[in-house]
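> Before I ask anything, here is the structure I am working with.
The values are calculated or read from the model by the stated rules, or taken from the named source; none is laboratory data. Keep in mind it's a predicted model, so treat the numbers as computed, not measured. Cβ placement follows ideal geometry from the backbone for every residue including glycine, while neighbour counts extend to all protein chains displayed. Please note that ligands, DNA and RNA were not included when accessible areas were found on the heavy atoms of the full protein model with its side chains. Shrake-Rupley method; radii C 1.70, N 1.55, O 1.52, S 1.80 Å.
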Amino acid sequence: MRTKERAHEYEIRIGQGLRAEVGHAARGCLGDRVQRIAIVSNTRVFSLYGPAVLKSLRARGFTVLPCSIGDGERFKSIQTVDRVLRFLNKSGLERSDGVVALGGGVVGDVAGFAAAIYLRGVPFIQVPTTLLAQIDSSVGGKTGVNMDSGKNLVGSFHQPVAVISDTETLTTLPARELVAGWCECVKQGAVSGRKLFQETTDFLKTSRTENVLDSRLEQLIASQCAFKASIVVADQREDPDRSDRRSRRILNFGHTIAHALETVTDYRRFRHGEAVGQGMLVAGELSKNLGLLDQTELELLTKAVRLCGPLPSARDLDKRAVVSAIAHDKKRTAGRVQWVLLERIGRPRIVDGKEISSSLLRKSVREVFRRT
């Protein structure tokens, strides 16, 4: 006898003004029995978009329970999850009720993880308000929090029942949040294929600093989500035995160094996408130094990252501390870090850490940091 996990499907909606339709979407995917919905957000996002979401949910008969958490990566912690769990319990949320994550990646990860473990799992809806969350973290069901020793070391796979991306929320983002999101767009383009990479870079060349609330932005977000969804469907739980080019692990391109940068700076210098931008540059340099990637391809990657906008400098950081932090990366297999490198744009390769000497790694880190 064998058991088979049931497939999980959900709708991803992308467009302007969709925050006013959260109630309709929630009722449609949660059903008529659901009475209570907890909204997890932060003060700034909730002040901007909470009223419209509250009105929409209440119009559909939900009792709405707002829960506020801190703003920033340092609040992506077990302590914050504990606060949310206590709130859900005190509010009397039942297994048939729901949770809405209204915010960026930190809110989505914290709310999703709390929803995954409260009463062994309650449904939740992602309403991402940052570019990074709309194209990446809201899709795929990864939820989790950081520990002092590393990024995303505690978490769970818990798929949302819907993702509702209102592109109007991007108009209120600080410039650095947009840069972080563009870096994630470049990351997915770099590992997906020439088409998405070209679509992304073409958009960045013409529209990054302009009013981008048009069909081109919605199409780019849709293309990014479609690519990530295609990877997640084929490898939902990131099988550690897979190393092919459709493994979910290819989505970690740039993340090995990024997580180390965030750890050594206590999550205070870099926004996640900014760290991924630096991480891609190091991974590209390492790919070249290993003889995998031609200089012309590296230049394409470097130019694409530069198009995203300015990144915080890493020049002053202790390179040995950064390399040491890599040892705690959660992507280890058999005690070794698994690097996602490039053979060319659109052709990722998973490389066992044993194939990379410490001297070559330090050289690659040093060369990239020196230029920042």
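> Please find, among 287, 230, 207, the residue that is closer than 26 Å to residue 337 by Cα and surrounded by fewer than 22 Cβ atoms within 10 Å (Cβ to Cβ).
Only one candidate passes the filter, namely 230.
> Exactly one of these conditions fails for residue 71: (1) part of a loop (DSSP other than H, G, I, E, B); (2) surrounded by 20 or more Cβ atoms within 10 Å (Cβ to Cβ); (3) under 23 Å from the mean Cα position of the chain (by Cα). Give me its number.
All conditions are met except number (2).
> Quick check on my filter: what residues within the range 152-172 are touching a Ser or Thr at 6+ places or on another chain (Cβ under 6 Å) and open to solvent by 10 Å² or more (accessible area, probe 1.4 Å)?
The initial filter retains those residues of the range 152-172 that are touching a Ser or Thr at 6+ places or on another chain (Cβ under 6 Å), namely 155-156, 158, 163, 169.
155, 156, 158 - these are the residues of the range 152-172 that are touching a Ser or Thr at 6+ places or on another chain (Cβ under 6 Å) and open to solvent by 10 Å² or more (accessible area, probe 1.4 Å).
> If I ask for residues that are buried (at least 17 other Cβ atoms within 10 Å of the Cβ) and either assigned to a loop (DSSP other than H, G, I, E, B) or touching a Ser or Thr at 6+ places or on another chain (Cβ under 7 Å) (or both), which ones from the range 246-264 would you list?
247, 253, 254
> With respect to the numbered conditions (1) modelled with pLDDT under 95; (2) within 16 Å of the chain's Cα centre (by Cα); (3) in a helix (DSSP H, G or I); (4) over 22 Å from residue 130 (Cα atoms), which one is the sole condition not fulfilled by residue 233?
Going through the list (1) modelled with pLDDT under 95; (2) within 16 Å of the chain's Cα centre (by Cα); (3) in a helix (DSSP H, G or I); (4) over 22 Å from residue 130 (Cα atoms), residue 233 breaks only (2).
> In the range 107-116, is there at least one residue being open to solvent by 10 Å² or more (accessible area, probe 1.4 Å), within 30 Å of residue 33 (Cβ to Cβ) and of a type outside the set (Gly, Ala, Ser)?
So the first thing to find is which residues in the range 107-116 are open to solvent by 10 Å² or more (accessible area, probe 1.4 Å), and the list is 109, 113, 116.
Cutting the leftovers down to within 30 Å of residue 33 (Cβ to Cβ) gives us 109, 113, 116.
Retained after the next criterion (residues that are of a type outside the set (Gly, Ala, Ser)): 109, 113.
Yes, the range 107-116 contains at least one residue that is open to solvent by 10 Å² or more (accessible area, probe 1.4 Å), within 30 Å of residue 33 (Cβ to Cβ) and of a type outside the set (Gly, Ala, Ser).
> Cβ-Cβ under 6 Å, sequence separation 6+ or interchain: first residue in the range 53-68 and within 16 Å of residue 107 (Cβ to Cβ), partner open to solvent by 40 Å² or more (accessible area, probe 1.4 Å) and hydrophobic (A, V, I, L, M, F, W, C). Which pairs?
That search, which allows pairs on different chains as well, returns 67/87.
> Which pairs have Cβ atoms under 6 Å, sit 6 or more apart or on different chains, and link a residue in the range 266-281 that is among the acidic types (Asp, Glu) to one that is assigned to a helix (DSSP H, G or I)?
As it stands, the answer is 274/180, since those pairs meet every condition given.
> Please enumerate the residues belonging to the range 31-51 that are open to solvent by less than 60 Å² (accessible area, probe 1.4 Å) and modelled with pLDDT of 95 or more. Talk me through it step by step, then tell me what you get.
We begin by selecting, within the range 31-51, every residue open to solvent by less than 60 Å² (accessible area, probe 1.4 Å); these are 31, 34, 36-42, 45-46, 49-50.
Within the range 31-51, 36, 37, 38, 39, 40, 41, 42, 45, 46, 49, 50 qualify.
> Specify which of the listed residues (294, 352) is of a type in the set (Asp, Glu) and farther than 23 Å from residue 239 by Cβ. Steps first, please.
On the way: 352 fails: farther than 23 Å from residue 239 by Cβ.
The conditions single out 294.
> Take the residues in the range 188-229 that are of a type in the set (Phe, Trp, Tyr) and closer than 16 Å to residue 308 by Cα; name whichever of them is modelled with the highest pLDDT.
To start, the set of residues in the range 188-229 that are of a type in the set (Phe, Trp, Tyr) comprises 197, 203, 227.
This time we only want the ones that are closer than 16 Å to residue 308 by Cα, so: 197, 203.
Working: 197: 98, 203: 94.
Here the answer is 197.
> For the range 125-153, which positions are part of a strand (DSSP E or B), more than 30 Å from residue 31 (Cβ to Cβ) and at pLDDT 95 or above? Before you say what the answer is, go through the steps one by one.
Here is the first cut: in the range 125-153, the residues part of a strand (DSSP E or B) are 125-128, 142-147, 150-153.
Next, only the ones that are more than 30 Å from residue 31 (Cβ to Cβ) stay: 146-147, 150-153.
If the condition is that a residue be part of a strand (DSSP E or B), more than 30 Å from residue 31 (Cβ to Cβ) and at pLDDT 95 or above, then no residue fits.
> Name the residues in the range 29-66 that are among the small types (Gly, Ala, Ser) and over 26 Å from the mean Cα position of the chain (by Cα), would you?
31, 56, 59, 61 - these are the residues of the range 29-66 that are among the small types (Gly, Ala, Ser) and over 26 Å from the mean Cα position of the chain (by Cα).
> If you don't mind, another one. How do the pairs read when you match residues in the range 2-26 that are over 19 Å from residue 157 (Cα atoms) and open to solvent by 20 Å² or more (accessible area, probe 1.4 Å) with residues anywhere that are of a type in the set (A, V, I, L, M, F, W, C) and modelled with pLDDT under 95, using Cβ under 7 Å and keeping only pairs 6 or more apart or on different chains?
Filtered contacts from the range 2-26: 16/213.
> Report whether or not residue 92 is open to solvent by 20 Å² or more (accessible area, probe 1.4 Å) and either small (Gly, Ala, Ser) or free of Cβ contacts under 8 Å to residues at least 60 places away in the same chain (or both).
Values: open to solvent by 20 Å² or more (accessible area, probe 1.4 Å): yes; either small (Gly, Ala, Ser) or free of Cβ contacts under 8 Å to residues at least 60 places away in the same chain (or both): yes.
Yes; evaluated as a whole, the condition is true for this residue.
> Next question, about the same structure. Residue 195 passes all but one of (1) surrounded by 15 or more Cβ atoms within 10 Å (Cβ to Cβ); (2) in contact with a Ser or Thr (Cβ under 9 Å, 6 or more places away or on another chain); which number fails?
(1)
> Now for a separate question. Quick test for you: out of 191, 179, pick the one residue that is part of a helix (DSSP H, G or I), among the aliphatic types (A, V, I, L, M) and in contact with a strand residue (DSSP E or B) (Cβ under 8 Å, 6 or more places away or on another chain).
Numbers: 179 fails: in contact with a strand residue (DSSP E or B) (Cβ under 8 Å, 6 or more places away or on another chain).
None of the other options fit; the residue is 191.
> Let me ask something else. When both residues are 6+ apart or on different chains and their Cβ atoms are under 7 Å apart, which pairs have a first residue that lies in the range 104-116 and is over 16 Å from residue 163 (Cβ atoms), and a second that is of a type in the set (D, E, K, R) and not in a helix (DSSP H, G or I)?
106/76; 110/76
> Could you please find all residues in the range 49-68 being of a type in the set (Val, Ile, Thr) and part of a helix (DSSP H, G or I)? Lay out the reasoning, then the answer.
Looking only at the range 49-68, we keep the residues that are of a type in the set (Val, Ile, Thr), and these are 53, 63-64.
Passing the criteria: only 53.
> Looking at 137, 91, which is the one that is on the phi < 0 side of the Ramachandran plot and out of contact with any helix residue (DSSP H, G or I) (no Cβ under 8 Å at 6 or more places or on another chain)? Walk me through it before giving the result.
On the way: 137 fails: out of contact with any helix residue (DSSP H, G or I) (no Cβ under 8 Å at 6 or more places or on another chain).
Testing whether each residue is on the phi < 0 side of the Ramachandran plot and out of contact with any helix residue (DSSP H, G or I) (no Cβ under 8 Å at 6 or more places or on another chain) leaves just 91.
> Further question: Go through the range 27-48 and give me each residue that's over 19 Å from residue 109 (Cα atoms) and either assigned to a helix (DSSP H, G or I) or not hydrophobic (A, V, I, L, M, F, W, C) (or both). Full working, then the answer.
Filtering the range 27-48 down to residues over 19 Å from residue 109 (Cα atoms) leaves 27-36, 47-48.
Listed by number, the residues that qualify are 27, 28, 29, 30, 31, 32, 33, 35, 36, 47, 48.
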